[in-house]
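Note sheet for the following structure.
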Amino acid sequence: MPFRTVDIKPDLEYLVQLRREFHRYPERSGQEVRTAGRVYEELQKAGITDIRRNIAGHGLVAVIGNGGGPIVALRADMDALPIKEQTDVPFLSENDGVMHACGHDAHIAMLLGAAKIIKQMEHELSGQVVLIFQPAEENAPIGGARPMLEAGALDDPKPDAVFGLHVWPGLPVGQLGIKAGYFMGASDRFTIRVQGKGGHASMPHETIDAALVAVQIAQVLQTIVSRNLNPMDAGVVTIGKIEAGNRYNVIADEAIMEGTVRSLRPEVRNLLERRFTEIVEHVAQSMGAQAEITYQRGYPVLQNDPAAVEVVRSAASCLLGENALPEIEAALVAEDFAVYLEHFPGAFFWLGCGFHDESKNYPLHHPKFLVDERVLPLGAQMLAETALQYIWQKGR
């Protein structure tokens, strides 16, 4: 059994109260005013004084420990989604049309719980722990991690490694998912504006049907994955929205399409973007239309450092047991924590939050999504244990 550094048990009642408060008052990306204020208050209550506020909007960075020794950062995201909640919990969102449907309320509570643990052990620290409370993770394709770094959030002190977690309804409470290398996908966003020539439905020969061009583009785009991509690689092209036309008997002169392209390796990402552009332009041209493409690269592929993964595995083995680490596959969901991992070694992991009663489990971003609150102390302990394990191992 690996060496265990944390024996302090988090206060479950405190974590539940915090998480429910954040859930009741969710705030969208870039609007995390109340949330950031409450985080600041709780950090102060824990005796943490080295706190910087209003970074890249409403971000906070706090530091525990003295100079010298390894420096490790832990991150929690704070923003909620523009989703109308459909749960029946007594702490239902009071901000209509806004919901913590991705578990960030739990992430905030967990990192605050970890902060209290680490602060109580500060006299034993032979390094520093940097706490990142990040806004705007859901604000793809820009996100909040890149603006935080550009604002100097991690310039001083500069961490040797960065760790983060995400609650995961696909795993039950008590299990943790992590793998070295490519772990979560790159996510790009596009808009296609097809310009045709409208006219009366009875005279199609005098028109260029933008709706028909859009449908054809949508169909041919699916051949990228089926015919251009190595079957052993992961990638997906999704058209999430198509708008065209105003009346049943009028051929549309314009169509607008929006969607996402996802991949798991940088070279696949480049291939998908190149073929995407070629197909859209050539299909539109072949049908006499024009296509204007806006293609935005979003979050990069999230790639876990193998040495950092072993630190997480060691912490999980201590806290959750050897059987808590099932074999998992990478996923094409995207996370802007990947931006930190482009600048620092580190690792990101999934922490099971699924209920034993599977009828209660809904996917992330669902209006009925909730976490089993027994995950809260496990998350707080995992973050603290991971940070202290890293400092202990690095400082040997």
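One line per residue, one yes/no per condition, for (1) among the hydroxyl-bearing types (S, T, Y); (2) within 30 Å of E385 (Cα to Cα); (3) surrounded by 20 or more Cβ atoms within 10 Å (Cβ to Cβ):
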position	(1), (2), (3)
P172	no, yes, no
A180	no, yes, no
A186	no, yes, yes
G199	no, no, no
L221	no, no, yes
I239	no, no, no
I251	no, no, yes
E273	no, no, no
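Listed residues D79, D88; which is more than 22 Å from A161 (Cβ to Cβ), surrounded by fewer than 22 Cβ atoms within 10 Å (Cβ to Cβ) and at pLDDT 95 or above?
Only one candidate qualifies: D88.
Being in a strand (DSSP E or B), assigned by TED's automatic domain parsing to the domain that holds L149 and not aliphatic (A, V, I, L, M) is the requirement here; does C318 meet it? In short, no. Is it the case that some residue within the stretch 89-99 is at positive phi and free of Cβ contacts under 8 Å to residues at least 24 places away in the same chain? Yes: one or more hits.
For the stretch 15-58, a tally of residues being under 30 Å from E124 (Cα atoms) and either among the aliphatic types (A, V, I, L, M) or not assigned by TED's automatic domain parsing to the domain that holds A76 (or both) returns 10. Can you tell me which residue is surrounded by the fewest Cβ atoms within 10 Å (Cβ to Cβ) among those in the stretch 13-48 that are polar (S, T, N, Q) and either in contact with a Lys or Arg (Cβ under 7 Å, 6 or more places away or on another chain) or not in a helix (DSSP H, G or I) (or both)? Top of the filtered list is Q31. Selection of first residues in the stretch 227-244 that are over 20 Å from A291 (Cβ atoms) and of second residues that are crowded, with 17+ Cβ neighbours inside 10 Å and among the hydroxyl-bearing types (S, T, Y), restricted to Cβ pairs under 9 Å at least 6 apart or on distinct chains, gives the following pairs, ordered by first then second residue: L229/S263; D233/S263; A234/Y182; A234/S263; G235/S263; V236/T260; V236/S263. Being assigned by TED's automatic domain parsing to the domain that holds E42, at pLDDT 95 or above, assigned to a helix (DSSP H, G or I) and not hydrophobic (A, V, I, L, M, F, W, C) is a property that holds for H107.
Yes or no, residue by residue, for (1) part of a loop (DSSP other than H, G, I, E, B); (2) in the same structural domain as A334 (by TED's automatic domain parsing); (3) touching a Gly at 6+ places or on another chain (Cβ under 7 Å):
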site	(1), (2), (3)
I224	no, no, no
R227	no, no, no
Y248	yes, no, no
V268	no, no, yes
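Looking at the stretch 88-104, can you tell me whether even one residue there is closer than 26 Å to L341 by Cβ and either aromatic (F, W, Y) or part of a strand (DSSP E or B) (or both)? Scanning the stretch 88-104, I find no residue that is closer than 26 Å to L341 by Cβ and either aromatic (F, W, Y) or part of a strand (DSSP E or B) (or both), so the answer is no.
Per-residue answers, yes or no, for (1) surrounded by fewer than 23 Cβ atoms within 10 Å (Cβ to Cβ); (2) part of a helix (DSSP H, G or I):
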site	(1), (2)
C353	no, no
H356	yes, no
Y362	yes, no
P367	yes, no
A380	no, yes
A384	no, yes
L388	no, yes
Q393	yes, yes
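Please verify whether R297 is touching a residue at least 40 places away in the same chain (Cβ under 8 Å) and among the charged types (D, E, K, R), treating the condition exactly as stated. Spelling it out, R297 is indeed touching a residue at least 40 places away in the same chain (Cβ under 8 Å) and among the charged types (D, E, K, R). Regarding L229, is this residue buried (at least 19 other Cβ atoms within 10 Å of the Cβ) and on the phi < 0 side of the Ramachandran plot? Taking the combined requirement at face value, the residue satisfies it.
The values are calculated or read from the model by the stated rules, or taken from the named source; none is laboratory data. Everything numeric here is computed off the predicted structure, so don't read it as measured data. Counting neighbours? That spans all protein chains shown, and the Cβs are built from the backbone with ideal geometry, glycine included.
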